[in-house]
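Participant: Below you will find the structure I want to go over with you.
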Amino acid sequence: MEIDKAIRIFVDFLNSSWSIVSPLLINRDYTTNEDSINDWLQANWELLVERKVLDVNNYLEVYGEGADYNGESSRITAPEVLPNFKVNIKSINGNEILDVLNNRLVEISNMTFEKITGFKNGFYILEPEFKYVLVTDDNLGIERVFEMDQISFELERY
């Protein structure tokens with residue numbers, strides 16, 4: 001399966017399961033347990049995306065902040081391995097697209113995929129509707145957020 005299709009299915013999974021799973025990922029005092037959420041996201045990223053698009057002994061970069069489950073490793077499965085693939089994004093039409101976080105049209109180049117997010121009141125959020133992509137603009141060292149319907153995902157081997 002292509003990475004673009006796998007990530008879009010992953011987004012459908014997040015949107016469908018978030019309201020069911022999120023009560024299990026909060027603390028007893030009803031505050032957000034970011035470690036549990038990040039562990040859950042990383043585990044599902046590895047099982048639903050990484051294993052679907054890569055052969056055995058190939059690994060993606062961690063998803064978002066990664067997991068805190070295995071000490072120094074940010075992975076859930078195979079904590080000792082290093083990634084040899086990363087996810088890149090590109091504009092679907094090849095033109096500049098709107099960075100909704102900074103309200104600027106930008107050309108996509110040299111950006112690091114971080115995670116899928118929601119977007120509300122001018123900032124990205126970790127809740128549905130997941131239809132935005134958070135990236136780091138490595139040219140300027142800033143975060144950018146793009147609507148998923150404006151981009152496609154590609155794999156790059158290190």
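The values are calculated or read from the model by the stated rules, or taken from the named source; none is laboratory data. Predicted, not measured: the structure shown is a model, and the values here were computed from it. Here the Cβ positions follow ideal geometry from the backbone for every residue, glycine too, while neighbour counts run over all protein chains shown. The protein model used for the area step is the full one, side chains on, heavy atoms only, and it has no ligands, DNA or RNA in it. Shrake-Rupley method; radii C 1.70, N 1.55, O 1.52, S 1.80 Å.
Participant: So how much accessible area does Glu154 have, in Å² to the nearest 10, using a 1.4 Å probe?
Facilitator: My reading of the accessible area for Glu154 is about 80 Å².
Participant: If R0 is 30 Å, what FRET efficiency do you get for Leu24 and Ser109 from their C-beta distance, rounded to 0.05?
Facilitator: It comes out at approximately 0.15.
Participant: How do Met1, Met111 rank by accessible surface area computed with a 1.4 Å probe, from largest to smallest?
Facilitator: Putting Met1, Met111 in descending order of accessible area: Met1, Met111.
Participant: Something else: Taking K and R as +1 and D and E as -1, what net charge do the other residues with C-beta under 13 Å from the C-beta of Ile92 add up to? Mind showing how you got there, number by number?
Facilitator: Values: positive: Arg8, Lys90; negative: Asp4, Glu96, Glu147, Asp149, Glu154.
After counting each charged neighbour, the total is -3.
Participant: Next up: Given the protein chains as shown and a 1.4 Å probe, how many square angstrom of Asp4 are accessible, to the nearest 10?
Facilitator: 40
Participant: Something else: Enumerate the lysines that Lys86 could reach by cross-link, defined here as Cα to Cα under 16 Å, with residues fewer than 8 away along the same chain left out.
Facilitator: Lys5, Lys52, Lys115
Participant: Would you calculate, for the chain, the mean residue ellipticity at 222 nm contributed by helices, counting each DSSP H stretch of 4 or more residues as -39,500 (n - 2.57) and dividing by all residues, to the nearest 500?
Facilitator: Rounded to the nearest 500, it is -6000 deg cm²/dmol.
Participant: Roll a 1.4 angstrom probe over the protein heavy atoms and tell me the percent of accessible area of region 64-133 that is carbon or sulfur.
Facilitator: Reported share for carbon and sulfur atoms: 45 percent.
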